[in-house]
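Undergrad: One structure coming up, written as structure tokens, with questions to follow.
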Amino acid sequence: MPKVQWYDIQQNTFTRWVNDELKLRGKHIDDLKTDLKDGLMLIHLMEIISGKKVGKYNKHPVIIQQKMENLNIALAFMKAEGLKFVNVGSEDIVSGNLRIILGLVWTIILRYEINRNGGDNDLLKWIQSKIPEYNIKGFTKDWNDGRALNGLIHALRPDLCQDHKQLDGKKKLANATRGIDTAEKEMGVDKLILPE
């Protein structure tokens, strides 16, 4: 499947998820690429899914500095909430960098949606169907040695990570680094988390 179609699918799916959350405040977005630029919808989203207040922000941003400030408030809140991401800045969202925005929304989904639903969710079941040999039960410790990540990459792209079953489980950082780097280079998945 070409990258353009994959991004379209991701964008549509993630936009629907964001709107499903935002409807609790009567809010709606049409385009992830443009509708998060002032930080307001991202702030609303974070307050809804975390159940916490982000703090003081500009409710009517007009100039770019106010928009960037709102985005920086939202990103700082996410980090304080324990979301881990790299290479994401307010300038990426203001400029409409779709790859970065999709990665950020995916990180939010993983943190909140999966925690909300526990182990009983479609994503986990899908992953288990792709790599049953790794006995994945969740999205934290089962991935620590990097072998499952390489296995999932191989399941999605059989030409990649063919030796995932032979990887040394004691070389956790090397395995995770290899998987994350391969996903970025060969599959276009942004490196939004660090192997550590």
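The values are calculated or read from the model by the stated rules, or taken from the named source; none is laboratory data. Predicted model only: the values in this text are computed from it and were never measured. Positions of Cβ are backbone-derived with ideal geometry, glycine not excepted, and every protein chain shown enters the neighbour counts. The accessibility values were calculated without ligands, DNA or RNA, using every heavy atom of the protein model including side chains. Shrake-Rupley method; radii C 1.70, N 1.55, O 1.52, S 1.80 Å.
Undergrad: Between their Cα atoms, which of K23/K79; K27/K53; K37/K59; K27/K125; K33/K84 are more than 19 Å away from each other?
TA: K23/K79; K27/K125; K33/K84
Undergrad: What is the calculated FRET efficiency for T34 to I63, with r their C-beta to C-beta distance and R₀ = 22 Å, to the nearest 0.05?
TA: Calculated value: 0.85.
Undergrad: Can you put V18, V86 in order of accessible area, largest first, using a 1.4 Å probe?
TA: I get V86, V18, largest accessible area first.
Undergrad: While we're here: log₁₀ I(q)/I(0) of the chain at q = 0.13 Å⁻¹, via Debye over equal Cα point scatterers, no solvent, to two decimals?
TA: At q = 0.13 Å⁻¹ the computed log10 ratios are -0.75.
Undergrad: Counting only heavy atoms of protein chains, what accessible area per residue, in Å², does the chain have with a probe of 1.4 Å?
TA: 56
Undergrad: Can you compute the helix-only [θ] at 222 nm over the chain? Use -39500 (n - 2.57) per DSSP H run of at least 4 residues, normalise by all residues, nearest 500 deg cm²/dmol.
TA: Computed ellipticity for the chain at 222 nm equals -16500 deg cm²/dmol.
Undergrad: Another one. In whole percent, and with a 1.4 Å probe on the protein chains, what portion of the accessible area of the range 47-149 is carbon and sulfur?
TA: C and S atoms contribute 52 percent here.
Undergrad: Here's another thing I want to ask about it. Among T177, V94, L75, whose Cα sits farthest toward the positive end of the charge dipole of the range 62-182 (+1 at Cβ of Lys/Arg, -1 at Cβ of Asp/Glu, about the Cα centre)?
TA: Among T177, V94, L75, the one farthest towards the positive end of the dipole of the range 62-182 is T177.
Undergrad: Using the Cα centre of the chain as the reference point, and only Cβ charges (+1 on K/R, -1 on D/E), how large is the resulting charge dipole? Debye, rounded to the nearest 20.
TA: In total the dipole reaches around 440 debye.
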